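Undergrad: Just passing along the structure, written as structure tokens.
The values are calculated or read from the model by the stated rules, or taken from the named source; none is laboratory data. Bear in mind the structure is a predicted one, so any value in this text is a computation, not a measurement. Backbone-built Cβ (ideal geometry, glycine too); neighbour counts: all protein chains shown. Protein only, heavy atoms only, side chains kept; ligands, DNA and RNA dropped before computing areas. Shrake-Rupley method; radii C 1.70, N 1.55, O 1.52, S 1.80 Å.
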Amino acid sequence: NKILINKSEIKFNTKEQVKLKHNQNNIDIELSTCNYIEPEKTNIHFRLDSDTSWSITNSGTISFTNLAPNNYTLFYYETNNEGSKISDVNTLSFSISNPFYKSWWFICILFLFILITTYILFIIRKKSQQKVKIIRHQISRDLHDELGANVSSINILTQLIKNSHDSNDSVKPFLE
């Protein structure tokens with residue numbers, strides 16, 4: 001008996017479960033028959049634990065393609081050309097693992113990454129808004145100070161003109 005995974009033979013023990021990766025889902029199981037006189041007349045009846053009906057092959061090879069990740073048990077037995085069982089029901093257990101991106105730990109890490117990224121973006125946005133607020137406050141303070149300085153200088157110049165001895169009496173009402 002031998003198992004071909006994606007056309008490559010693997011070593012296995014019939015008493016232990018064969019563990020396969022998610023991309024090792026094309027399986028050919030070649031079984032040797034007990035009937036050495038007329039092996040071409042020997043049929044192999046097989047089914048996976050999830051199947052309800054038995055399938056038959058007379059080539060000695062059981063093939064499965066694109067199996068989904070899961071635990072499987074293959075049941076099989078042999079019959080001769082008259083349909084009589086010539087072997088007991090045998091089993092072969094194998095499992096196909098999920099790809100890493102469907103595992104619970106990867107989903108947790110991805111969720112944590114999204115959460116941290118969202119938090120960092122929130123902090124960056126908040127700091128940016130704070131900087132804009134500080135710049136606006138500084139501009140308004142500078143404008144207010146400049147306007148106040150201009151009004152003060154106008155007031156001082158007006159007072160100087162009013163107090164000067166050269167000023168014309170007709171201009172003093174306008175300066176007031």
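Undergrad: How big is the convex hull of the Cα atoms of segment 67-114, per residue, in Å³?
TA: Values: hull volume 3.2 nm³, N = 48.
In segment 67-114, the Cα hull volume divided by residue count equals 66 Å³.
Undergrad: Name the most mobile residue of Ser140, Ser63, Ser95, meaning the one with the largest mean-square fluctuation, in a Gaussian network model of the chain with Cα contacts below 10 Å.
TA: Among Ser140, Ser63, Ser95, the largest GNM mean-square fluctuation belongs to Ser140.
Undergrad: May I ask for the angle, rounded to the nearest 10°, between helix 104-163 and the longest principal axis of the chain, with both axes built from Cα atoms and the value confined to 0 to 90°?
TA: 10
Undergrad: Return one whole number: the accessible area per residue of the chain in Å², for a 1.4 Å probe. Walk me through the numbers on the way to the answer.
TA: On the way: 13520 Å² over 176 residues.
Solvent-accessible surface per residue comes out at 77 Å².
Undergrad: Let me ask something additional. GNM, the chain, Cα, under 10 Å: largest mean-square fluctuation among Asp51, Asp28, Asp145?
TA: Answer for the Gaussian network model of the chain: Asp145.
Undergrad: Work out, in µm²/s and without decimals, the Stokes-Einstein translational diffusion coefficient of segment 1-103 at 25 °C, 0.890 mPa s, Rh from Kirkwood over C-alpha pairs. Could you put the intermediate results ahead of the total?
TA: Values: Rh = 14.4 Å.
So the translational diffusion coefficient is about 170 µm²/s.
Undergrad: While we're on this one: Where does the chain land at 222 nm, in deg cm²/dmol rounded to the nearest 500, when only DSSP H runs of n ≥ 4 count, each adding -39500 (n - 2.57), divided by all residues?
TA: Values: 2 runs with 64 residues, N = 176.
It lands at -13000 deg cm²/dmol.
Undergrad: Of Lys15/Lys41; Lys21/Lys41; Lys19/Lys102; Lys2/Lys41, which ones are farther than 25 Å apart at the Cα?
TA: Numbers: Lys15/Lys41 28 Å; Lys21/Lys41 35 Å; Lys19/Lys102 17 Å; Lys2/Lys41 20 Å.
Where the Cα-Cα span goes over 25 Å, the pairs concerned are Lys15/Lys41; Lys21/Lys41.
Undergrad: Then there is this: Using the 2.2 N^0.38 Å rule of thumb for compact globular proteins, work out how segment 39-84 stacks up: its C-alpha Rg over that value, please.
TA: Details: Rg = 11.8 Å, N = 46, 2.2 N^0.38 = 9.4 Å.
For segment 39-84, the normalised Cα radius of gyration is 1.25.
Undergrad: For the chain, max minus min Cα coordinate along each principal axis, in Å, sorted largest first?
TA: Principal-axis extents of the Cα atoms in the chain, largest first: 142, 27, 25 Å.
Undergrad: Sticking with this one: How high is the FRET efficiency between Ile124 and Phe100 when r is their beta carbon distance and R₀ equals 45 Å, given to the nearest 0.05? Could the numbers behind the result be given before it?
TA: Details: r = 31 Å, r/R0 = 0.68.
The computed FRET efficiency comes out at 0.90.
Undergrad: Give the Rg/Rh ratio for segment 94-158, taking Rg as the radius of gyration of the Cα atoms and Rh as the Kirkwood radius, to two decimals. Intermediate values should be presented prior to the final figure.
TA: On the way: Rg = 28.2 Å, Rh = 17.0 Å.
My calculation of the ratio gives 1.65.
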